[in-house]
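*Asks:* Before I ask anything, let me first share the structure, which is written out below as structure tokens.
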Amino acid sequence: MDAFLNDVRYAFRNLIKRPAFTLIAAITLALGIGANTAIFSSFYALLLKPLPFPSLDKVVAVWDSYPSRGVTRNEVAMANYLDWQSQNQSFEQLALYRWWSANLTGIDPPERIQAFLITANFLDALGVKPSMGRNFTEDENQPGKDAVAILTHGLWQRRFGGDPNILGKTITLDGVARTIVGVMPEKFKYPSNAELYSPIAITPGIAANRQFNTYYVVGRLKPGASVQSAQADIDNITARLEQQYPETNTGSRASVFPIVADTVRKYELGIWMGMAAVGFVLLIACANVANLMLARASGRQKEIALRAALGASRWRIIRQLLTESSIVALLGGALGILIAVWGIEALRAANPGDAAKFAPGWDQLGINLTVLLFTVALSLLSGLLFGLAPALQVSKPNLNDAMKEGSRQTSGRSHRLRSSLVVAEVALSLVLLVGAGLFFRSFMTLFNTDPGFNPDNVLTMNLILPSTKYKDEQQAGAFYTDLVQRVKAEPGVQSAAAVNFLPLGGSNASDAYLVEGEAEPAPGNENIGRYRVCTADYFATMQIPVLKGRAFTEQDKTGAPPVVIVNETLARKHWPGQDAIGKRIRLQAPIENAPWMEVVGVIKDVRHELTAEVDPEYYLPYAQDVWRSMVIVARTTVDPASLAGSIRQEVWAIDKDQPVADVRTMQEVRSLSVGLQQFNSVMIGVFAAVALLLASIGIYGVMAFAVTQRTQEIGIRMALGARKTDVLRMVVLNGMRLAVLGLAIGLVASWALTRFVSNLLYGVESTDPLTFSVVSVCLLAAAFLACYLPARRATKVDPLEALRYE
Amino acid sequence: MITLRGVEKAFPHGPTKTYVLRRVNLDIKPGEFVSIMGPSGAGKSTLLHILGMHDHSWTGEYYFDDVAVHQLDAKKRAALRNRNIGFVFQSYHLLDDQTVFENLELPLSYRDVSKKDRQSIVCDTLDRFQMVGKKDLFPTQLSGGQQQLVGIARAVVANPRIILADEPTGNLHSAQGKEIMDMFKRLNDEGTTIVQVTHSETNAAYGNRIIQLEDGWIVNGEKFVQSV
């Protein structure tokens, strides 16, 4: 212990004596450790502990699936859920929920909140209880008894000021009064954007329906049951249901997934990629510090030789050196935490893909005890990593040589080690740079993909008219007709329309359709098309080209002949080489006796997900298919965002209780749709830039050290006739030789590793030659600069000075 | 061949200057073998490096074959040096990580001699110095005398008209020293001008003129010695 304290004391003294070295090493490490800490905190919050449920491994998500169509996750129909629930042997609880965008009125301002309709056992399945009040009872899933609600802690605080007497009070949701019976604990929020829960009223009609796939199912496994056994159990049930209900259940199966894996699947790969990237950054930082230590150790050979001569064992010397490196590492770790705090703030601000809304655990992002322990462990590991090689190297001095005056203070072995470290740094940087290049290209390809409409100067906002207030289609239709007219009349508005789902907005509806003249497809093989309804000027407002026929007009109203407009893909699929105008399609199940609709127009394909192929799509005129939930779109001649207030006022002029949600410009909608890709690109880009900087510093350090070591040699060469250009070329070539070797290794490694992220790339191959080439050139340019600076210094060597050693 | 007129070199030392060389006037003719002698700190090596055009921070006039060296820019001065001057150092200054062959090749590579010509010139030189058998050895594998022979071979490989040698036998014992001085003598006999810095009267006796320096002044520009 005494010896250890001595080591620590001596290490501190040594490090304080060389503040520049200590600071540079600590800052270099801080970059690596800080990046690791920040990404680990997201790894911990989002992947390891995203959901605060007890016995988390027992909680699963169950999805409808269609293996024959490659669909592994589809929402569930109520009747199927009820059968799964009653027939299974594996689940302690099997619960169901669905999204409900509820208008909260009666308190100013009216607001659309994200509510969920749930079965009474939903919270039991997750293993949580309200912190105030009670859970729902099974009874409350009966129609007419469902007028109760449980608030999340967030909504309780935000809209009710944390009122301790909230229980028993009523709130108005979609025009219906509901009694608050409970408040959830602070950390509970599932799904992650939930603000309120109400019981789902299961009417006999809903209970019997196997076609409205709009529900999500979560379950808690019985003790002894596993995901595999539950899957086998549910496979038996779905096979029976397929026999029993061939019309609706042919090809339908179910998939059981652990809840964590199911929840994090969208960003899991991205986080792993981030972990790998920061791991690389740390390795590069360690290589740099190891190089610094080696350079410094070469100046300490005499001291170490003296220690050895005085009887210090090799292990004792290694321990002394490792104590120093550990202290530097811990200092780097401490600075790294500061960088991580800043990094986590940046991560929160970036909110990739609206993660704050959709990623459970996002609000837990931060430095906690586990993250701190990780940082300390990582720091010590780094200390060992960058300290061990130099310690081993210099702990075995040649006493005779080292103690001679004027002896050369580096060995070829040390130089080789330093060179190898630089080669490794360059290789690691190249992998990161290639990754960054691929993600950047992927993002740019996405961003430059023609969405099929003009997103400039368009304002959008979403409204959901409550069915309790707008009881029939006529009322809802009148509201939107009035609103669209009012919006059109606003100064600065060029045209306006309404559509049920925005392109790139993330929400879509799909339905099966039949084509006149084609045989009805077999069950499980239906024609599925995206389905939209819009008002007359929608195509003009969004500037979606009508390629053939016409757009909707005010004449396409109720009672007029049913019409439909299809996209190019649908027209090509069913009527290749023919004119689609005048052909007829109709909705298949679940609408009985749906009328045939005549195709009156063909529009250019519109993308609803930039990363996916365009599906067949058909549009119905709003007047012939009234929806309560619509998005208002307005093309403006002024900054679209500046009209948000006045258009909101137009809504409230018609109905003062009607909340307006998701007020965004179309460009914002578009950016949000590629938010994850943009984030990946920026994140890897930042790490790659840090890596490039560190690697350049590494090359610079090695070359500068080499120039210092070779001053005399350079002097001799100049005395023998070497010109400045000869010296410049010699030093640059020496450095570039290392860079090119690192580049070659890095290219092979990149080629092998980038395929793991090919799923995250769009429109660019993971081995894209252009990216590989451009990145290589950039890296070589940086390496050249890093070599050039010490080389230029080398040309300034005065042969007289260099030879004065004589 | 070489004419120095009023050459002075000084270092600023506070408000005053410390002179290393004072008003040096010197003429060296082709084929001479000149020895510069004097006590330590007299300015011998400084004078040699000025003659060798390594040092250019001095005042006065320096003519090499009537070319005014003091008016040349660095590039032209280097070209003139590379064409005419070879250097031999007291500590040999061979590059340890290069073989004898590569060490000899070095000055040629700085004179844009083609690879093929370099090889034939180096082979000739090795032959002339009877070191063919040692061409693949590294300097550390040679004795001090052998290393200095390589040093001389390297100085003559580019066929200079004058060789400047800074205490070429300073690190050698007497037998090795004699061998080196014999080599210089032979080169001088073949027409190469030699200027050496030496402390040794014996070595100075190989030359035909001694320049005695003291405190930066030439104290006997005209002392001629009898050839050995």
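The values are calculated or read from the model by the stated rules, or taken from the named source; none is laboratory data. Keep in mind the model is a prediction, meaning the values are calculated, not measured. Note: ideal-geometry Cβ built from the backbone for every residue, glycine included; neighbour counts use all protein chains shown.
*Asks:* Let me confirm something: among A:600, A:633, which residue is in a strand (DSSP E or B) and either within 35 Å of the chain's Cα centre (by Cα) or on the phi > 0 side of the Ramachandran plot (or both)?
*Replies:* None of the others qualify; the one that does is A:633.
*Asks:* What tally of residues in the stretch A:704-727 results from selecting those that are of a type in the set (Phe, Trp, Tyr) and closer than 18 Å to residue B:155 by Cβ?
*Replies:* Adding up the residues that qualify gives 0.
*Asks:* Condition check: of a type in the set (Gly, Ala, Ser) and either within 27 Å of residue A:525 (Cβ to Cβ) or over 23 Å from the mean Cα position of the chain (by Cα) (or both). Does residue A:45 satisfy that?
*Replies:* no
*Asks:* For residue A:663, all conditions in the list (1) within 30 Å of residue A:459 (Cα to Cα); (2) among the aliphatic types (A, V, I, L, M); (3) assigned to a helix (DSSP H, G or I) hold save one; what is the number of the exception?
*Replies:* Among (1) within 30 Å of residue A:459 (Cα to Cα); (2) among the aliphatic types (A, V, I, L, M); (3) assigned to a helix (DSSP H, G or I), residue A:663 violates only (3).
*Asks:* Out of the residues in the stretch B:140-158 meeting the condition of being surrounded by fewer than 20 Cβ atoms within 10 Å (Cβ to Cβ) and touching a residue at least 24 places away in the same chain (Cβ under 8 Å), tell me which one is farthest from residue B:180 (Cα to Cα).
*Replies:* My answer is B:140.
*Asks:* Hey, another quick one. Just give me the residues in the stretch B:86-101 being outside any loop (DSSP other than H, G, I, E, B), more than 9 Å from chain A (Cβ to nearest Cβ) and more than 11 Å from residue B:137 (Cβ to Cβ), in sequence order.
*Replies:* Correct list: B:88 only.
*Asks:* Being of a type in the set (Lys, Arg) and assigned to a strand (DSSP E or B) is true for just one of B:22, B:81. Which residue is that?
*Replies:* Details: B:81 fails: assigned to a strand (DSSP E or B).
None of the others qualify; the one that does is B:22.
*Asks:* Looking only at the stretch A:590-642, count how many residues are among the small types (Gly, Ala, Ser) and surrounded by fewer than 16 Cβ atoms within 10 Å (Cβ to Cβ).
*Replies:* Qualifying residue count for the region: 4.
*Asks:* Identify, from the list A:743, A:803, the residue that is away from every other protein chain (no Cβ under 14 Å) and surrounded by 17 or more Cβ atoms within 10 Å (Cβ to Cβ).
*Replies:* Just one listed residue meets the conditions, A:743.
*Asks:* In addition: How about the stretch A:192-228: which of its residues are part of a strand (DSSP E or B) and either within 22 Å of residue A:139 (Cβ to Cβ) or under 26 Å from the mean Cα position of the chain (by Cα) (or both)?
*Replies:* A:196, A:197, A:198, A:199, A:215, A:216, A:217, A:218, A:219, A:220
*Asks:* With respect to residue A:722, determine if the residue is in contact (Cβ under 8 Å) with a residue 60 or more places away in the chain and of a type outside the set (Val, Ile, Thr).
*Replies:* no
*Asks:* Within the bounds of the stretch B:20-29, is there any residue that is surrounded by fewer than 16 Cβ atoms within 10 Å (Cβ to Cβ), touching a His at 6+ places or on another chain (Cβ under 6 Å), without any contact (Cβ under 8 Å) to a residue 60 or more places away in the chain and away from chain A (no Cβ under 14 Å)?
*Replies:* no
*Asks:* Look through the stretch A:713-740, keep the residues that are of a type in the set (D, E, K, R) and more than 10 Å from every other protein chain (Cβ to nearest Cβ), and return whichever of them is farthest from residue A:695 (Cα to Cα). Spell out how you get there, then give the answer.
*Replies:* If we filter the stretch A:713-740 for residues that are of a type in the set (D, E, K, R), which is where we start, we get A:713, A:717, A:723-724, A:726, A:729, A:737.
Still in the running and more than 10 Å from every other protein chain (Cβ to nearest Cβ): A:729, A:737.
Values: A:729: 21, A:737: 15 Å.
Top of the filtered list is A:729.
*Asks:* Can you tell me which residue within the stretch A:520-561, out of those that are of a type in the set (Ser, Thr, Tyr) and assigned to a loop (DSSP other than H, G, I, E, B), is nearest to residue A:633 (Cα to Cα)?
*Replies:* Checking each candidate, the answer is A:535.
*Asks:* Also, I was wondering about something else. Can you tell me which residue among A:550, A:530 is over 35 Å from the mean Cα position of the chain (by Cα) and either crowded, with 18+ Cβ neighbours inside 10 Å or in contact (Cβ under 8 Å) with a residue 40 or more places away in the chain (or both)?
*Replies:* Exactly one residue qualifies, and that residue is A:550.
*Asks:* Separate question: Every residue in the stretch B:102-116 that is within 7 Å of chain A (Cβ to nearest Cβ) and either in a helix (DSSP H, G or I) or buried (at least 23 other Cβ atoms within 10 Å of the Cβ) (or both), please.
*Replies:* Listed by number, the residues that qualify are B:106, B:107.
*Asks:* Continuing with the same structure: Suppose we keep only residues that are under 25 Å from residue A:718 (Cβ atoms), of a type outside the set (Val, Ile, Thr) and without any contact (Cβ under 8 Å) to a residue 40 or more places away in the chain within the stretch B:50-69. Which one would you say is nearest to the other protein chains (Cβ to nearest Cβ)?
*Replies:* Filtering the stretch B:50-69 for residues that are under 25 Å from residue A:718 (Cβ atoms), of a type outside the set (Val, Ile, Thr) and without any contact (Cβ under 8 Å) to a residue 40 or more places away in the chain, the one nearest to the other protein chains (Cβ to nearest Cβ) comes out as B:54.
*Asks:* While we're on this one: Taking the stated definitions as given, is residue A:501 assigned to a loop (DSSP other than H, G, I, E, B) and crowded, with 16+ Cβ neighbours inside 10 Å?
*Replies:* Spelling it out, residue A:501 is indeed assigned to a loop (DSSP other than H, G, I, E, B) and crowded, with 16+ Cβ neighbours inside 10 Å.
*Asks:* Another one. Specify which of the listed residues (A:43, A:53, A:4, A:12) is surrounded by 15 or more Cβ atoms within 10 Å (Cβ to Cβ), assigned to a helix (DSSP H, G or I) and at pLDDT below 90.
*Replies:* Being surrounded by 15 or more Cβ atoms within 10 Å (Cβ to Cβ), assigned to a helix (DSSP H, G or I) and at pLDDT below 90 holds for just one of A:43, A:53, A:4, A:12, which is A:43.
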